[in-house]
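Every number here is computed from the coordinates shown, using simple stated rules; none is lab data. Just so it is clear, the model here is predicted, and its values are computed rather than measured. Please note: Cβ atoms are built from the backbone with ideal geometry, for glycine as well, and neighbour counts cover all protein chains shown.
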Amino acid sequence: MGRPAFMSWMKKKSILAGTVTELQDFFRSFDANGDGRLNRAELKNVFEKLGSMAPALRALQALLLADENGDGCISEHELDKLLEFAVKHDHVVILPKKQG
Ligand SMILES: [Ca+2]
Ligand SMILES: [Ca+2]
C-alpha cells in the first residue's frame, strides 16, 4: 500500500534542470546577505525552493558533504560539491552545456 503513495509523491516532486553554470547561478541567488557564501539558513531556502520535504535536514547534510573547510558555509569553490549533493538526492538534473 505504501509504495503507490510514495511513487505519486515522487512524481509531484519538482526537479530543477539546467547546465552546471545555470544551477550554480541558481544557488548563488540564495545568498540573501550577499557575503558570497551560503549559510545553513540560506541553504534551507535552496532546498525549500527545490521542493524538499525536509529542507533543514538537507541543508545540514549538504554542509556535511560540501563544506570542505568547515566554516559552516558553502563558498564559491564548494558550489560544485553542493551541486553534486543536489544531484545525488534528485533535487536537480544537470543538462549538457548548450552548443555555441
Ligand atoms: Ca550568504
Ligand atoms: Ca565552507
Q. Ranked by Cβ crowding within 10 angstrom, fewest neighbours first, how are S52, S29, S75 ordered?
A. S29, S75, S52
Q. Could you give the alpha-carbon Rg of the range 15-94 over 2.2 N^0.38 Å, rounded to two decimals?
A. 0.94
Q. Which of the listed residues, I15, L57, F27, is farthest toward the dipole's positive end in the chain, when Lys, Arg count +1 and Asp, Glu count -1 at the beta-carbon?
A. I15
Q | Computed lengthening from Q61 to I15, 0.36 nm per intervening residue step minus Cα-Cα distance | A | 14.7 nm
Q.
For the chain, what does the helix formula give at 222 nm: sum of -39500 (n - 2.57) over DSSP H segments with n ≥ 4, over the residue count, nearest 500 deg cm²/dmol?
A. -15500 deg cm²/dmol
Q | Neighbour net charge for L57 - beta-carbon separation under 12 angstrom, K R +1, D E -1 | A | +2
(Q) Using the crude model of +1 on Lys and Arg Cβ and -1 on Asp and Glu Cβ, and no other charge, please compute the dipole size for the chain relative to its Cα centre, in debye to 20. (A) 700
